[in-house]
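**Student:** Dumping the structure here so I can ask a few things about it.
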2 protein chains.
Amino acid sequence: MAKAITSRSEDYSQWYNDIVRKAGMADYSAVRGCMVIKPHGFAIWEKMQQQLDKMFKDTGHVNAYFPLFIPKSFLSKEAQHVDGFAKECAVVTHHRLMNAPDGSGVIVDPDAKLEEELIVRPTSETIIWNTYKDWIQSYRDLPLLINQWANVVRWELRTRLFLRTAEFLWQEGHTAHATKQEAIEETRLILDIYATFAEEFMAMPVIKGVKTANERFAGADDTYCIEALMQDGKALQAGTSHFLGQNFAKAFDVTFLNKENQQEHVWASSWGVSTRLVGGLIMTHSDDDGLVLPPKLAPTQVVIVPIPKPSPEINDAAETLMKELRAAGVSVKYDHDETKRPGFKFAEHEMQGVPVRVGIGMRDLEQGKLEIARRDTKEKSFVPKVGAATYIVNLMDEIQENLLQRAKNHRTENTRTAETMDDMVSILDGPGGFVSAHWDGTSETELAIKEQTKATIRCIPLDGRDEKGACILTGKPSAQRVLFARAY
Amino acid sequence: MAKAITSRSEDYSQWYNDIVRKAGMADYSAVRGCMVIKPHGFAIWEKMQQQLDKMFKDTGHVNAYFPLFIPKSFLSKEAQHVDGFAKECAVVTHHRLMNAPDGSGVIVDPDAKLEEELIVRPTSETIIWNTYKDWIQSYRDLPLLINQWANVVRWELRTRLFLRTAEFLWQEGHTAHATKQEAIEETRLILDIYATFAEEFMAMPVIKGVKTANERFAGADDTYCIEALMQDGKALQAGTSHFLGQNFAKAFDVTFLNKENQQEHVWASSWGVSTRLVGGLIMTHSDDDGLVLPPKLAPTQVVIVPIPKPSPEINDAAETLMKELRAAGVSVKYDHDETKRPGFKFAEHEMQGVPVRVGIGMRDLEQGKLEIARRDTKEKSFVPKVGAATYIVNLMDEIQENLLQRAKNHRTENTRTAETMDDMVSILDGPGGFVSAHWDGTSETELAIKEQTKATIRCIPLDGRDEKGACILTGKPSAQRVLFARAY
């Protein structure tokens, strides 16, 4: 049997680590804070990539690739940006190694010092806007709708697999527009794509909102976000889309000749989601037996297990079912390894989150039936062999739907309103979750609340109702409730 | 009209640069030696990736992701490897920036020096074998068949877009096996995949061979390669597959318990192709009017141009044709931009290498015909509108086949035998190309020939006939001819 993992009720954080490692998702590496994404974890990220890439391309975006390195001076060009990103980062100072004169090994060649240090990109606005300068002359060159799939590095002190690592994988979109209106529309379009992806593919419900000034991307005029609620009542920022105004265009002097024949600075957006989504996926659905994956993102959607072991009849039935399932576009594996017992295999596939398991035993087969188990509820059914493929296809839809509904219910049950600071603290120290409360709109108040509660304003929800009220801390007037939570 | 490019006969090197830039493939960046891969170039790389990824997965490989950084000491662990790769590379020495005390900008924080420097991976054998140590205990854990799509950095002094840049994109496979035989079979399997990909998708014929000791990968027991011949008579190493023996297993102490219950070192292969293939594609097929792309790798396979401009009838005909082509899996665009004349569009699409152009004019339409032009030969035909989609699908097969045949003919015409050093020099200084000649098998002779001719042994062809002869330089006995060429 696969080794048991820590239960969620015992230690949620340890449960998470156990799942990530025992389901073969990722592991720490020899390099501080950097992870190795193992094949199973990477296969899930690939499914995410494929779907997002399709959604980006369907809306007119194209991919490109920009350099890994950013000249140090570039970071200083945008005043806000430098404060946000010129901090913990990987700095390349030399370009050569040499054998140590004393034969003790390899050392950095002191003669190979770079004139200007290079920073391993923490995000690519600066190098990209420096490039756009050459690409944009006239309104005819706009819009530029470019995305990049890349690795980035931020020298994080406290790391957690997928959620926060020094190096991570992501996509970063960088668009250039002729008008403010168009750039804002792009920012919102991408936010909608992210939300649709999260709900329809990850089965992870999200709140769309806008960040407060404190939580805004360094260099943005506005940061939109999708926020999800994890099982332990903590929030996860799952994706951000920034309206950058003309900030980077001004910093890198990117202008265009508009239709009225006047030089104008270009308007911009940038947006990204990362391998952090894999962490969000785990913490939204998984249980004490391991990973639970929505069928739409499961690398293997169905596994067939012979009970107790392969036989000509069982192999025939498995082959037939696989052929039918593959014809329906389902990814299926037949686990015919004779060195492992069914119970061991069941535990292993549960740990890895395979949505549907089909058991084929001789006795059931004689009765024309198969045993079908769903991972989300662990329910088993005996289903006629004829028509089983159709049953499974429908079952996968049902699982996808159930996971989303379950996560929505969890979020509904864990979204509470607070009218006082006492309310807020007792919610946060109790069940946790989202707290909807009035706030006076100032950074000072936001920081004071954070200081007292460790909760931040996750976002000002876009679908929030106008509702006059009094700030939970200062009593000053507020026009809308905002969402607080402790967050990853 | 798109600006003209330098002709190949005038200056091949400049022609190449012109194509890369004017077809929107790539450009240099603000970072020395690093390129920006522009959308059109990246779209071609994506098509390559998709196909290769499928071929790897169809043969049982899975993807994973390992850290960008390699601790400096890792490079020293394999004696050959350190000589090959601990040279020109990007060295990370610090992990923080700070504001300069004098307010002059951002500087490297001297207190944030790393205990051990990190190297931006030039290739990942060391970090991966250090990881495999934790993944492999028993023969049951083998084989490991893992591939990674990644960026790597080698601090090249002389760079050329796609062919040789400081940072480039590639895939690197790293496999682990229980037996020597199996590792060699894997190395050869991948070589065959590379050759098949080059010929069937890139329409670029290649010679499969093995490298001499001089040209071997640092740390390999044997390096297999595919070598292609460019239009200017220079060779291009297009992909390599290395049999690593137990070298990295020994360096990183990776052992496994074999079926006989004995500890044994693991056997290894590694293999890679890179964005360099895009350069090879350009130099195999393109002409003085711009890029020529094989249909199987063209991001846009067919472009439809209204002549002279869109009209309801022309739009209808275009829509119908697009629907039919898309149903056949063809990627097609309708260039209905009214601000550009047909002649300008023709030149633009030729520059970008779109394999098939369809012109739709009112007069032809009244006669039930379309004008179809193929990019490879620039021939035009008038084809009945009914059945045009089928005609185009067949035409694309014909173009794909013609490009391969043309390249094969070029290679045949430019592969010559030399019996003396005079022969060799006159071939190399004349038409160039591959020179098939006898060699005595020593590194000294190989280097002496290189010194005199600037040609290297590209490979010892795998399908070479046994043919006794005398070394072209030393007259010593030789058992097989090898292939010499000047190379990129």
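The values are calculated or read from the model by the stated rules, or taken from the named source; none is laboratory data. Everything numeric here is computed off the predicted structure, so don't read it as measured data. No Cβ is skipped: glycine too gets one built from the backbone with ideal geometry, and neighbour counts run over all protein chains shown.
**Student:** Being surrounded by 17 or more Cβ atoms within 10 Å (Cβ to Cβ) and either of a type in the set (S, T, Y) or touching a residue at least 60 places away in the same chain (Cβ under 8 Å) (or both) is true for just one of A:L370, A:L473, A:L428, A:L403. Which residue is that?
**Tutor:** From the options A:L370, A:L473, A:L428, A:L403, the qualifying one is A:L403.
**Student:** Please list, ordered by residue number, the helices (runs of 4 or more DSSP H) wholly in segment A:317-429 having 1 or more residues that are within 19 Å of A:M202 (Cβ to Cβ) and modelled with pLDDT of 95 or more.
**Tutor:** A:342-352, A:388-413
**Student:** It is to be established whether one or more residues within segment B:456-463 are without any contact (Cβ under 8 Å) to a residue 60 or more places away in the chain, outside the structural domain of B:L277 (by TED's automatic domain parsing) and surrounded by fewer than 19 Cβ atoms within 10 Å (Cβ to Cβ).
**Tutor:** No: zero hits.
**Student:** Checking the conditions here, which among A:S29, A:S13, A:S9 is within 8 Å of another protein chain (Cβ to nearest Cβ) and among the hydroxyl-bearing types (S, T, Y)?
**Tutor:** A:S29
**Student:** Please find, within segment B:165-193, the residue that is surrounded by the most Cβ atoms within 10 Å (Cβ to Cβ) out of those that are touching a residue at least 12 places away in the same chain (Cβ under 8 Å) and more than 22 Å from the chain's Cα centre (by Cα).
**Tutor:** Ranking the qualifying residues of segment B:165-193, first place goes to B:A176.
**Student:** With A:D429, A:D364, A:D440 as the choices, which residue is under 30 Å from A:E467 (Cα atoms) and over 29 Å from the mean Cα position of the chain (by Cα)?
**Tutor:** A:D440
**Student:** Shifting gears a bit: Which of the residues belonging to segment A:126-154 are small (G, A, S) and either part of a loop (DSSP other than H, G, I, E, B) or within 20 Å of the chain's Cα centre (by Cα) (or both)?
**Tutor:** Within segment A:126-154, A:A150 is the sole residue that qualifies.
**Student:** For the structure I just gave you, tell me whether A:V20 is within 27 Å of A:D289 (Cα to Cα), more than 10 Å from chain B (Cβ to nearest Cβ) and surrounded by 21 or more Cβ atoms within 10 Å (Cβ to Cβ).
**Tutor:** It is true that A:V20 is within 27 Å of A:D289 (Cα to Cα), more than 10 Å from chain B (Cβ to nearest Cβ) and surrounded by 21 or more Cβ atoms within 10 Å (Cβ to Cβ).
**Student:** More than 16 Å from the chain's Cα centre (by Cα) and part of a loop (DSSP other than H, G, I, E, B), is that true of A:L157?
**Tutor:** It is true that A:L157 is more than 16 Å from the chain's Cα centre (by Cα) and part of a loop (DSSP other than H, G, I, E, B).
**Student:** Now, a different point. Within segment A:97-111, can you find the residues that are small (G, A, S) and within 20 Å of B:K113 (Cα to Cα)?
**Tutor:** Selection gives A:A100, A:G105.
**Student:** May I pose another question? Any chance you could count how many residues in segment A:226-246 are surrounded by 22 or more Cβ atoms within 10 Å (Cβ to Cβ) and more than 16 Å from the chain's Cα centre (by Cα)?
**Tutor:** Of the residues in segment A:226-246, 3 are surrounded by 22 or more Cβ atoms within 10 Å (Cβ to Cβ) and more than 16 Å from the chain's Cα centre (by Cα).
**Student:** Residue under question is B:L161, and the condition is that it be more than 10 Å from every other protein chain (Cβ to nearest Cβ), at pLDDT 95 or above and crowded, with 23+ Cβ neighbours inside 10 Å; does it hold?
**Tutor:** Here the answer is yes, as B:L161 does meet what is asked.
**Student:** If you check B:V292 against the conditions, is it part of a loop (DSSP other than H, G, I, E, B), crowded, with 23+ Cβ neighbours inside 10 Å and within 21 Å of the chain's Cα centre (by Cα)?
**Tutor:** It is true that B:V292 is part of a loop (DSSP other than H, G, I, E, B), crowded, with 23+ Cβ neighbours inside 10 Å and within 21 Å of the chain's Cα centre (by Cα).
**Student:** Looking at A:T123, A:T196, which is the one that is in the same structural domain as A:A235 (by TED's automatic domain parsing), farther than 26 Å from A:L257 by Cα, in contact (Cβ under 8 Å) with a residue 12 or more places away in the chain and part of a loop (DSSP other than H, G, I, E, B)?
**Tutor:** A:T123
**Student:** Among the residues of segment A:54-96, how many are more than 30 Å from B:A112 (Cα to Cα), more than 9 Å from chain B (Cβ to nearest Cβ) and either crowded, with 22+ Cβ neighbours inside 10 Å or not β-branched (V, I, T) (or both)?
**Tutor:** Total satisfying the criteria: 7.
**Student:** Could you check, for segment A:23-40, whether at least one of its residues is touching a Ser or Thr at 6+ places or on another chain (Cβ under 6 Å), over 30 Å from B:N63 (Cα atoms) and β-branched (V, I, T)?
**Tutor:** no
**Student:** Quick check on my filter: what residues within segment A:431-454 are assigned to a helix (DSSP H, G or I) and in contact (Cβ under 8 Å) with a residue 12 or more places away in the chain?
**Tutor:** Correct list: A:S443, A:T445, A:E446, A:L447, A:A448, A:I449, A:Q452, A:T453.
**Student:** From the residues in segment B:443-468 that are at pLDDT 95 or above, among the charged types (D, E, K, R) and over 24 Å from the mean Cα position of the chain (by Cα), which one is farthest from B:Y224 (Cα to Cα)?
**Tutor:** Checking each candidate, the answer is B:E451.
**Student:** Does A:D376 fit the bill of being within 19 Å of A:P310 (Cα to Cα), touching a His at 6+ places or on another chain (Cβ under 8 Å) and touching a residue at least 24 places away in the same chain (Cβ under 8 Å)?
**Tutor:** No, not satisfied.
**Student:** So A:K38 passes all but one of these: (1) farther than 30 Å from B:K113 by Cβ; (2) free of Cβ contacts under 8 Å to residues at least 24 places away in the same chain; (3) more than 8 Å from chain B (Cβ to nearest Cβ). Which condition number does it fail?
**Tutor:** With (1) farther than 30 Å from B:K113 by Cβ; (2) free of Cβ contacts under 8 Å to residues at least 24 places away in the same chain; (3) more than 8 Å from chain B (Cβ to nearest Cβ) applied to A:K38, the lone miss is (3).
**Student:** Somewhere in segment A:7-22, is a residue of a type in the set (A, V, I, L, M), modelled with pLDDT of 95 or more, part of a loop (DSSP other than H, G, I, E, B) and in the same structural domain as A:E167 (by TED's automatic domain parsing)?
**Tutor:** Within segment A:7-22 (the criterion being of a type in the set (A, V, I, L, M), modelled with pLDDT of 95 or more, part of a loop (DSSP other than H, G, I, E, B) and in the same structural domain as A:E167 (by TED's automatic domain parsing)), the answer is no, since none of the residues qualifies.
**Student:** Show me the strands (runs of 3 or more DSSP E) found entirely inside segment B:204-255 where at least 1 residues are aromatic (F, W, Y) and out of contact with any Gly (no Cβ under 8 Å at 6 or more places or on another chain).
**Tutor:** Here the list reads B:235-245.
**Student:** Does segment B:122-144 contain at least one residue that is touching a Phe, Trp or Tyr at 6+ places or on another chain (Cβ under 9 Å), away from every other protein chain (no Cβ under 14 Å) and of a type in the set (D, E)?
**Tutor:** No, there is no match, as no residue in segment B:122-144 is touching a Phe, Trp or Tyr at 6+ places or on another chain (Cβ under 9 Å), away from every other protein chain (no Cβ under 14 Å) and of a type in the set (D, E).
**Student:** Further question: Scanning segment A:103-114 for residues that are at pLDDT below 85 and either more than 7 Å from every other protein chain (Cβ to nearest Cβ) or within 21 Å of B:R96 (Cα to Cα) (or both), which turns out surrounded by the fewest Cβ atoms within 10 Å (Cβ to Cβ)?
**Tutor:** Checked segment A:103-114; the qualifying residue surrounded by the fewest Cβ atoms within 10 Å (Cβ to Cβ) is A:G103.
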